[in-house]
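Everything below concerns the one structure shown next.
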Amino acid sequence: MSKIGTNILVIILVTVIAVVSLVIMLAAQSLIALSNDILDEQSTSYVSIMQSDYSELDVEADYLFGIIGEDPLLESALSAKNADDVKTIYDSYASDASSFGAFYSADGSLIWQTENCPEELTVSTSANGISADSQRMYYSYAKEINGVGSYLVGYDLRAYEYLDPIREKTGGHFTVFKDDVRYATTIIDDNGERFEGTKMDAAIAEQVLSGNAYNGEATINGVVYNVCYEPLYDLNSNVIGAYFGGYDTSTVKSALSDKIIMMIVAGGAAGVIACIAASMLCSIIIRKKILAPVKQIGRMTEEIANGNFSYVPENVSRTKDEVGQLLTSVDNMRDSLSMYISDISRVMQMMADGDFTAHPEVDYVGDFVELSSSAEHISEQMRSIIDSIFRTSDSVYNGSSQSAEGSNALADGASRQAAAIEQLSATLNDISDTVRGTAENARNARTLADNASDVLAEQHDHMEQMVEAMAKIADTSEKIEVIIKTINDIAFQTNILALNAAIESARAGAAGKGFAVVADEVRNLAAKSAESVNDTVALINASTQAVEEGRKIADKNAKSLERVVEIFGETKKMVDDISAAADNQSTAIGQITDGLGEISDVVQHNSAAAQEIAASCQELNAQALELKDEVKQFHI
């Protein structure tokens, strides 16, 4: 080789060594910076995944809203404020233990809520989103039902059915903070318990709770994590906590350092080989080992860009230098792309055939991991949707079956109720006729009582007159006794005069014999008068005693008659009350009969409506069964 060639070779060799060294150094620095960026992006992506999974609560809430809102019994239950019916409707659709619900009337008053529903939560159209009270954090959603009321459902953010799966899938850790306190977390402490109730670092909390995200490292429970904190906002755009995503950096950085060292060593060896090869085979490499493979590589990349993965270049020397490695890398890239596309096509074809149990079977690397994760996520989402549809169709089928049975029972009960009301109406008509007869008899009795009351009043007046007459007779008898006493005194005086006359006649002798006869006659007359007076006194005394007894009897009769008048007055009042009550009963029974007629019309209408509902439930049951058969075609 000439001197110039040697100098060129030396220059090329030195240049290559310098370039390779610089490339290795720059590559190492770039790899370190890139690894840090990747670590930060990975923790940030964890937060995004967590937020995305929580956002699926909106889908579940809309779905739950849909099936509850379409229940034909919900509107009537809200209108009637029937808490038992509302609870039955909610329980028939909501089976998630972390969910809660509340139902309100049109005026906003609470009808019924689940036991785990926050008490201070009220329904409003602005209630859709994240909220927090003194103890819990939750998603809540509200909806109005045709102006008769509204209902609300929500989910507690301490729902590990969302956090634990993404922990298992990604290998990272996730936390929801309420203010600066861990409300729900996948981090486990030394005792095997969740690291709930502990606080985040004060400096980080000050930054995040002021509305700024934090990316970097943080020590949690003695372990260093690469973390991402993002503010968590409530319905009013106030920061009420934070999302956290992160992972243990010790194992990741150790593995990354080993890879960087291996890459540096491998790059250095490759650089030395390249320098030696360049110095010995520069002309051959330039003519045969570089230009020809590069052209083939260009052709391969062009075919790959056109979607032709079956193209294989001919007569290409696959050396172990950089060009050969580049060719091999392009081959590997072509094979990897072909393998990835075949695997994704297989998964998509199985999904198109209704089999959602398909999983990628190829180990995806680099940015292609996201493609595998997307396919997995699509499969999981579709399995979740199909499973939800299957459970929903099963719930609809069971609910429609129960509704059909209940509707048939309701229709039968309405028919029997209509018959019973007709029979009751006929019975009330008979009772009304009887009560009207009773009222007529009561009015006749009241008329007779009025007449009897008049007669008793007249008899009472006569009795009072008789008592007055007996009193007058008693007074007259007393006066007669005075007169008789006077007559008796006169007879006594007359007897004394006759005795004096007899004495004087005896003194007179023969001249007084005529006076003696007269005196004797006067004495006899006085004796007879006294005897007659005595007889008259006896008769008058007997008469007076009889009058007194008659007066006492008359007084007793008068008092008895007064009592009879009082009793008959009370009886007359009772008869009047009975007559008025009978009239009122007759009027009330007439109103009841009219009301039963209206009730009978309503019951007949309800019976027809119940039969229509029963028919609709039967149709819904058949459609639900058809939906179950359709869903069974999918494999999950």
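The values are calculated or read from the model by the stated rules, or taken from the named source; none is laboratory data. Please read all numbers here as calculations on a predicted model, not as lab measurements. Ideal geometry is used to build each Cβ from the backbone, glycine not excepted, and the neighbour counts take in all protein chains shown.
Any idea which of (1) under 36 Å from the mean Cα position of the chain (by Cα); (2) within 30 Å of GLY354 (Cα to Cα) is the one HIS635 doesn't satisfy?
Checking HIS635 against (1) under 36 Å from the mean Cα position of the chain (by Cα); (2) within 30 Å of GLY354 (Cα to Cα), the one that fails is (1).
I need the full set of residues from the range 159-180 which are buried (at least 16 other Cβ atoms within 10 Å of the Cβ) and not in a strand (DSSP E or B), in order please.
ALA159, TYR162, LEU163, ILE166, ARG167, THR170, GLY172, ASP179, ASP180
Filter the range 18-47 down to the residues that are hydroxyl-bearing (Ser, Thr, Tyr) and either modelled with pLDDT under 70 or loosely packed, with under 14 Cβ neighbours inside 10 Å (or both), then identify the one that is farthest from ALA94 (Cα to Cα).
SER21
Return the residue satisfying two criteria in turn: it lies in the range 226-247 and is out of contact with any helix residue (DSSP H, G or I) (no Cβ under 7 Å at 6 or more places or on another chain) and free of Cβ contacts under 8 Å to residues at least 24 places away in the same chain, and of such residues it is surrounded by the most Cβ atoms within 10 Å (Cβ to Cβ).
ASN238
If I ask for residues that are out of contact with any Gly (no Cβ under 6 Å at 6 or more places or on another chain), under 19 Å from PRO118 (Cβ atoms) and not hydroxyl-bearing (Ser, Thr, Tyr), which ones from the range 152-173 would you list?
Within the range 152-173, LEU152, GLY154, ASP156, LEU157, ARG158, ALA159 meet the criteria.
Here is a yes/no grid of residues against (1) outside any helix (DSSP H, G or I); (2) surrounded by 15 or more Cβ atoms within 10 Å (Cβ to Cβ):
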position: SER336; (1), (2): no, yes
position: MET348; (1), (2): no, no
position: TYR364; (1), (2): yes, yes
position: SER373; (1), (2): no, yes
position: HIS377; (1), (2): no, no
position: ILE386; (1), (2): no, yes
position: PHE390; (1), (2): no, yes
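Among the residues of the range 589-600, are any in a helix (DSSP H, G or I), touching a helix residue (DSSP H, G or I) at 6+ places or on another chain (Cβ under 9 Å), of a type in the set (Ser, Thr, Tyr) and within 21 Å of ALA409 (Cα to Cα)?
The answer is yes; a qualifying residue exists.
Filter the range 441-465 down to the residues that are closer than 12 Å to VAL575 by Cα and of a type outside the set (A, V, I, L, M, F, W, C) and list them by number.
Answer for the range 441-465, where residues must be closer than 12 Å to VAL575 by Cα and of a type outside the set (A, V, I, L, M, F, W, C): ASN441, ARG443, ASN444, ARG446, THR447, ASP450.
Which condition number in (1) surrounded by 14 or more Cβ atoms within 10 Å (Cβ to Cβ); (2) over 30 Å from LEU73 (Cβ atoms) is the one that ALA352 fails?
(1)
Of (1) surrounded by 12 or more Cβ atoms within 10 Å (Cβ to Cβ); (2) closer than 17 Å to ALA452 by Cβ, GLN611 satisfies all except one. Which?
Every listed condition holds for GLN611 apart from (2).
Tell me, which residue of the range 80-95 that is touching a strand residue (DSSP E or B) at 6+ places or on another chain (Cβ under 7 Å) and either closer than 15 Å to LEU152 by Cβ or assigned to a helix (DSSP H, G or I) (or both) is modelled with the lowest pLDDT?
Going through the qualifying residues, I end up with ALA94.
Among the residues of the range 508-528, write down those that are surrounded by 14 or more Cβ atoms within 10 Å (Cβ to Cβ) and without any contact (Cβ under 8 Å) to a residue 12 or more places away in the chain.
Residue satisfying the conditions is GLY512 alone.
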